[in-house]
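Notes for the one structure printed next.
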Amino acid sequence: MTLKHVRLEIARDPEFPNGGADKGYEFIAPLDDQGHLDAEEWQSVRERCRVRRFSPHEKDAIGHLIRRRGGSWAFDYNPDDTSDDEPGFKLDKHRIVPGEYISFREHDGVLRTFFIKSVVDLD
């Protein structure tokens, strides 16, 4: 199993008609050979599974990729406060491979779709 560095960029939508490379996420996660998050491997490397949320109008937010009860995944920026968590939409089912799309409910409560720009080996 290899940890991967994943870059997500905002996809085109009414709020971001051109999409863009200046808003998104970069995170580290263990992925299996098909590109799915590997929950078992995550247990042993969870401290390395960091996330950075970036946007041109906000300071970068740094947190962790977490697995919630029931198997769902989220980005967490403060372990003492669940209100800042940004859950992935069916992230346990999606393949995280370049060219695909995944969605997150961001800190403002809006579900946004992101283009998977790159997935590269970290180790």
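The values are calculated or read from the model by the stated rules, or taken from the named source; none is laboratory data. The model shown is predicted, which means the values in this text are computed figures rather than measured ones. Methodologically, a virtual Cβ is constructed for each residue, glycine included, from the backbone with ideal geometry; neighbour enumeration extends over all protein chains shown. These accessible areas exclude ligands, DNA and RNA; they are computed on the full protein's heavy atoms, side chains included. Shrake-Rupley method; radii C 1.70, N 1.55, O 1.52, S 1.80 Å.
Points to keep in mind about this one:
- Residue in region 17-28 that is out of contact with any Leu (no Cβ under 8 Å at 6 or more places or on another chain), without any contact (Cβ under 8 Å) to a residue 12 or more places away in the chain, outside any strand (DSSP E or B) and closer than 21 Å to Val120 by Cα present: no
- Scanning region 70-123 for residues that are hydrophobic (A, V, I, L, M, F, W, C) and part of a loop (DSSP other than H, G, I, E, B) turns up Phe89, Leu91, Ile96, Val97, Val110, Leu122.
- Gly70 being free of Cβ contacts under 8 Å to residues at least 60 places away in the same chain and closer than 17 Å to Leu31 by Cβ: no
- Filtered residue count, region 51-69, keeping only those that are closer than 21 Å to His36 by Cβ and assigned to a loop (DSSP other than H, G, I, E, B): 1
- Summed over region 70-93, residues that are open to solvent by less than 60 Å² (accessible area, probe 1.4 Å) and under 13 Å from the mean Cα position of the chain (by Cα) total 11.
- Only one of Ser44, Ser83 that is over 19 Å from Leu122 (Cβ atoms) and polar (S, T, N, Q): Ser83
- Residue pairs whose Cβ atoms lie under 8 Å apart, separated by 6 or more positions or on different chains, with the first residue in region 103-123 and within 18 Å of Asn18 (Cβ to Cβ) and open to solvent by 80 Å² or more (accessible area, probe 1.4 Å) and the second not in a loop (DSSP other than H, G, I, E, B) and not β-branched (Val, Ile, Thr), are Lys117/Arg7; Lys117/Leu8; Lys117/Glu9; Lys117/Ala21; Lys117/Gly24.
- The set of residues in region 8-34 that are open to solvent by less than 50 Å² (accessible area, probe 1.4 Å) and touching a Pro at 6+ places or on another chain (Cβ under 9 Å) comprises Gly20, Lys23.
- Top-ranked residue of region 35-50 - restricted to ones that are outside any strand (DSSP E or B) and open to solvent by less than 70 Å² (accessible area, probe 1.4 Å), ranked as nearest to Tyr77 (Cα to Cα): Cys49
- Identity of the residue in region 51-69, of a type in the set (D, E, K, R) and surrounded by fewer than 15 Cβ atoms within 10 Å (Cβ to Cβ), that ends up nearest to Thr82 (Cα to Cα): Arg68
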